[in-house]
Each structure stands twice: as structure tokens, then as C-alpha cells.
Amino acid sequence: LLGLINDVLDISKIESGKMVLAKEPYTIPLVIQDVSSVIIPLFLAKSQDYQIHAVNLKHEFVIGDQVRLKQVLLNLLSNANKYTPEGGKIDFYIEELEGGSDTSGYFRFTVKDNGIGIAEEKIDKIFDPFSREVNSTVNKVEGTGLGLTIVKNIVEATGGTINVVSKKGEGSVFTIKVPLT
């Protein structure tokens, strides 16, 4: 219930334009460590193979809203855990893209799983509030249907983008790209 209330409050802030993003210094490795410390027990409980791949990190120290970045990453990794069966595989990629400057970088965070996937006709709707696929597997999974809506809005508020590629029965790949100074 508390999770639902927090999600509704986040949606309310986003829709009213009152969500303010912090501009504070932090490190990408610490964000990865914090997110992993929360999510690893979930992966272990389902005997899932969780791998972290950090590539080309030139700017480990950045300025932005680390709380919101963690919220986005935790949501994507939590979904990968929920929709990937026992013994499945989840890969988390963190990459600094070329084209940054001496003082800023553009980062890509990718969560790839070999879970149940999303039907092609449903992909366009997954970012809609309260959107959830209805089938016997998904119905057993807890969730409000607000997480990806919040994720998309946070990513776009940072000037970033989110993309999903998925195939039913084969898994999903969620990719966000965000600028961080």
C-alpha cells in the first residue's frame, strides 16, 4: 500500500509539473553499488544470474539527481527480476557514450533479461499509467502499473530518452540514455 501511495504521489508531482530534480554531486560507481545492494537479494532468491557490465566510464563523478536515477534503475531491475523466471539471466550495462566533454558525459543504462517478454502490440502502452499485460504469469506478479510511467517521466525530465525492445517469450531490453554533468 505504501508503494502505491508513493507511486501516486510521484505521478501527481510529475503531472502537476512540481517534480524538481536535484543537482548534487555523486559517483556512478556508488549508484551502481547502492542499486545492486538492494536488488541482489531478489536475484539470489530466484537463483537468477545477475551480471553488471561497466564500460568506458570516464566521468565517475557527476552532478544530477542520484535519488531519481536510483529510482529509475531499481524499477527497471525489479521488473527484470519479477518477469524473469527462476534461473533466468539479467544483465545490467552502464556505459558512458562518446561525444561528451571534459566536464560532462552522456550515459546509457541498459537492463536486459531473458524473461517472459512483452507482446509486440503491448509495447506502445507499457508507459501508460496502470498499464499491465493480463495473463496467468503476469497476474501472479505484484505491481501497480505505475513504475514505467514514472521511469519514463523522470528520464525525460533529465533530458534523456528511454527505449524498449522485447519479444514475447524471449525477454526485454530497456535502455535509457541520460546526460550528466
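The table that follows gives values for the structure above.
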{"item": "Number of the exception - Gln51 against (1) part of a strand (DSSP E or B); (2) under 20 Å from Thr161 (Cα atoms)", "result": "(2)"}
{"item": "Residue within the stretch 124-146 that is touching a Ser or Thr at 6+ places or on another chain (Cβ under 8 Å), at pLDDT 90 or above and part of a loop (DSSP other than H, G, I, E, B) present", "result": "no"}
{"item": "The stretch 159-181: number of residues that are at pLDDT 90 or above, assigned to a loop (DSSP other than H, G, I, E, B) and either touching a Ser or Thr at 6+ places or on another chain (Cβ under 6 Å) or more than 16 Å from Asp91 (Cα to Cα) (or both)", "result": "4"}
{"item": "Verdict on Tyr93 being in contact with a strand residue (DSSP E or B) (Cβ under 6 Å, 6 or more places away or on another chain), at pLDDT below 90 and not in a loop (DSSP other than H, G, I, E, B)", "result": "no"}
{"item": "Filter result (without any contact (Cβ under 8 Å) to a residue 40 or more places away in the chain and part of a loop (DSSP other than H, G, I, E, B)) within the stretch 18-48", "result": "Lys18, Val20"}
{"item": "Extreme residue, surrounded by the fewest Cβ atoms within 10 Å (Cβ to Cβ), among residues of the stretch 89-124 that are of a type in the set (Gly, Ala, Ser) and in contact (Cβ under 8 Å) with a residue 60 or more places away in the chain", "result": "Ser104"}
{"item": "Residue ID - modelled with the lowest pLDDT, chosen from residues in the stretch 1-43 that are acidic (Asp, Glu) and open to solvent by less than 70 Å² (accessible area, probe 1.4 Å)", "result": "Asp7"}
{"item": "Scan of the stretch 70-88 for residues that are over 14 Å from the mean Cα position of the chain (by Cα) and surrounded by fewer than 20 Cβ atoms within 10 Å (Cβ to Cβ), ordered by number", "result": "Pro85, Glu86, Gly87"}
{"item": "Qualifying residue in the stretch 50-69 (condition: within 16 Å of Thr110 (Cβ to Cβ), of a type in the set (S, T, N, Q) and open to solvent by 70 Å² or more (accessible area, probe 1.4 Å))", "result": "yes"}
{"item": "Selection count where residues are buried (at least 20 other Cβ atoms within 10 Å of the Cβ) and on the phi < 0 side of the Ramachandran plot, scope the stretch 156-181", "result": "8"}
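The values are calculated or read from the model by the stated rules, or taken from the named source; none is laboratory data. This is a predicted model, so every value here is computed, not measured. All Cβ positions, even for glycine, are placed from backbone atoms using ideal geometry, and neighbour counts span all protein chains on display. Quick note on the areas: whole protein, heavy atoms, side chains included, nothing else; ligands and nucleic acids left out. Shrake-Rupley method; radii C 1.70, N 1.55, O 1.52, S 1.80 Å.
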